[in-house]
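Okay, structure first, notes after.
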2 protein chains.
Amino acid sequence: MTEIVTAGILVIGDEILSGRTKDKNIGFIAEYLTNLGIDLKEVRIVADDEDDIVAALNAVRERYDYVFTTGGIGPTHDDITADSVAKAFGVGIDHHPSVVARFKERFGDALNEARLRMARIPDGAELIESATILAPGFKLGNVVVMAGVPSIMQAMMDIIAPKLRTGRRMLSDSVRADAKEGDIGSPLREIAAAHPDTSIGSYPFIDDDGKPNTNVVVRSRDQDKLAAAMADVKAMLATLHGSKNPVQ
Amino acid sequence: MTEIVTAGILVIGDEILSGRTKDKNIGFIAEYLTNLGIDLKEVRIVADDEDDIVAALNAVRERYDYVFTTGGIGPTHDDITADSVAKAFGVGIDHHPSVVARFKERFGDALNEARLRMARIPDGAELIESATILAPGFKLGNVVVMAGVPSIMQAMMDIIAPKLRTGRRMLSDSVRADAKEGDIGSPLREIAAAHPDTSIGSYPFIDDDGKPNTNVVVRSRDQDKLAAAMADVKAMLATLHGSKNPVQ
């Protein structure tokens, strides 16, 4: 169980690039994948442009075990994700019979050409659907295609997650340093060098008192190695505070 | 003044890919660039890994007029953005004399090796600094390197923005359709086809009453063409509501 499973995210949408819509999906998927035991290695955001989508998708899907896309599967002319995915894979695309049947039942006379677009699924794809999801997502090869609306994307993640191959989870632990990042940079470098199977990150922030502070995060797939590195971090911080701030 | 100026964003940081930190910079920069008259075409998020940073930076900087990076310019061992940018450009990197002088004045005895890392600037880069910014950003060629902490990144954008070449702004206008996206997809497609110098997007959302609704956004660099397309969208919506919901 030492396998590492990797992933990329491809966010599709002019509205994200224009700044009109602020993406909420990347952070959600990133956290979700970490909890599953899938390492997110790269994210790309591209426009509603077929060439851009195909190029980015082909670059990312060849590099990682999975790719998760969000956006562009609705009923309007700028929803071109399904067609772009089919083109990237070099497969056909058509109205999926079971989706069309469900749409007929659901929409009746309101089933128009625009809504039928949402039934266009690349050949060979597995549907990601439920009673509460209108336009289905799908999985084709290692590419998982999901909606851009956060609540729908999240429902789709819950459906597809149990079917994904996962690796050994990256574990993490964090400590608030109560120190400026510049005061712990050198000792952290030494600790990082002494614990090669961990990764140690430091993240500066301004605390509630308006003072510069730092969170230190240790990550490892091995619980014992994680604990050993964190123990060294905490010992270093204790020494720092003992010598500089004896009262605290 | 018909020139189009393009940009990419490169977000650097393990903490974004793990989901521990939720990015707030992409949306801010996207909106900022739109207001300046620079078209954001692509965003990439990569890990604190020199090879990944160099590869992504070289891909993006060759493709667009500008690249904006965030993250990885602090004092710790995982802050490798400056070195990676120097490597991508094939230039040297060293402690910048004026930054070192300022650090000596500011930190005195607390100027340690970790803090000196923040004075490492690639040869030929222009500093992005102010009295309130600790670690400077810099601009090298078409690449603008900024902090990951949002407040500092935003201060850096304000400093560098007046020096950037800008194009004709993409204008936009939006209307709340009070209709399901599937009911307006077909007429929107016709309107989009009739107004080739505009781009029309539709964005579904759930309104306060829990009902599916849609925002329609029209974008164009030409105010008259924008207004003409938006007039057609509003006329279409009026017809839709007149025939289907006469009471509303």
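Details
- Residue check for A:M157: closer than 22 Å to A:I9 by Cβ and touching a Ser or Thr at 6+ places or on another chain (Cβ under 9 Å): no
Residue-by-condition table, conditions (1) surrounded by 15 or more Cβ atoms within 10 Å (Cβ to Cβ); (2) over 30 Å from A:T76 (Cα atoms):
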position	(1), (2)
A:V149	yes, no
A:I159	yes, no
A:I206	no, yes
A:N215	yes, yes
A:M236	yes, yes
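- Residue, surrounded by the fewest Cβ atoms within 10 Å (Cβ to Cβ), within the range A:1-39, restricted to residues that are within 10 Å of chain B (Cβ to nearest Cβ) and part of a strand (DSSP E or B): A:D39
- Criterion (small (G, A, S) and touching a helix residue (DSSP H, G or I) at 6+ places or on another chain (Cβ under 8 Å)) met by exactly one of A:A114, A:A56: A:A114
- Hey, B:E50 touching a Ser or Thr at 6+ places or on another chain (Cβ under 8 Å) and free of Cβ contacts under 8 Å to residues at least 12 places away in the same chain or not: no
- Condition check for B:V85: within 19 Å of B:I26 (Cα to Cα) and outside the structural domain of B:S199 (by the TED database): no
- Scanning the range A:40-51 turns up no residue that is surrounded by 21 or more Cβ atoms within 10 Å (Cβ to Cβ), assigned to a strand (DSSP E or B), out of contact with any Cys (no Cβ under 7 Å at 6 or more places or on another chain) and more than 7 Å from chain B (Cβ to nearest Cβ).
- Residue list for the range A:149-192, restricted to those being at the interface with another protein chain (Cβ under 10 Å from one of its Cβ atoms) and over 30 Å from A:N213 (Cβ atoms): A:V149, A:S151, A:I152
- Taking first residues from the range A:193-210 that are facing chain B (nearest Cβ under 8 Å) and partners that are open to solvent by 90 Å² or more (accessible area, probe 1.4 Å), the Cβ contacts under 8 Å between residues at least 6 apart in sequence or on separate chains come to A:P204/A:K180.
- Each residue in the range A:161-179 was checked for being closer than 29 Å to A:E126 by Cα, open to solvent by 60 Å² or more (accessible area, probe 1.4 Å) and touching a residue at least 12 places away in the same chain (Cβ under 8 Å), and 4 of them qualify.
- Any hit, the range B:46-53, residues being among the small types (G, A, S) and over 30 Å from B:R219 (Cβ atoms): yes
- Any hit, the range A:75-82, residues being within 14 Å of chain B (Cβ to nearest Cβ), without any contact (Cβ under 8 Å) to a residue 40 or more places away in the chain, outside any helix (DSSP H, G or I) and under 17 Å from A:N25 (Cβ atoms): yes
- In the range B:53-73, of all residues being in contact (Cβ under 8 Å) with a residue 40 or more places away in the chain and under 16 Å from A:V46 (Cβ atoms), the one that is farthest from the other protein chains (Cβ to nearest Cβ) corresponds to B:V67.
- Which numbered condition B:A101 fails, given (1) over 24 Å from B:V46 (Cα atoms); (2) among the hydrophobic types (A, V, I, L, M, F, W, C); (3) within 14 Å of chain A (Cβ to nearest Cβ): (3)
- Some residue of the range B:83-95 being in contact with a strand residue (DSSP E or B) (Cβ under 9 Å, 6 or more places away or on another chain), within 19 Å of B:I9 (Cβ to Cβ), open to solvent by 40 Å² or more (accessible area, probe 1.4 Å) and assigned to a loop (DSSP other than H, G, I, E, B): no
- Residues in the range A:180-200 that are buried (at least 22 other Cβ atoms within 10 Å of the Cβ), of a type outside the set (D, E) and within 22 Å of B:I133 (Cβ to Cβ): A:G182, A:I184, A:G185.
- For the range B:128-147, the candidate set comprises residues that are over 15 Å from the mean Cα position of the chain (by Cα) and of a type in the set (G, A, S); within that set, the residue that is surrounded by the most Cβ atoms within 10 Å (Cβ to Cβ) is B:G137.
The values are calculated or read from the model by the stated rules, or taken from the named source; none is laboratory data. For clarity, every value in this text was computed on a predicted model and none was experimentally measured. We place every Cβ from the backbone using ideal geometry, glycine too, and count neighbours over all the protein chains shown. What goes into the accessible areas is simple: the full protein's heavy atoms, side chains included, and nothing from ligands, DNA or RNA. Shrake-Rupley method; radii C 1.70, N 1.55, O 1.52, S 1.80 Å.
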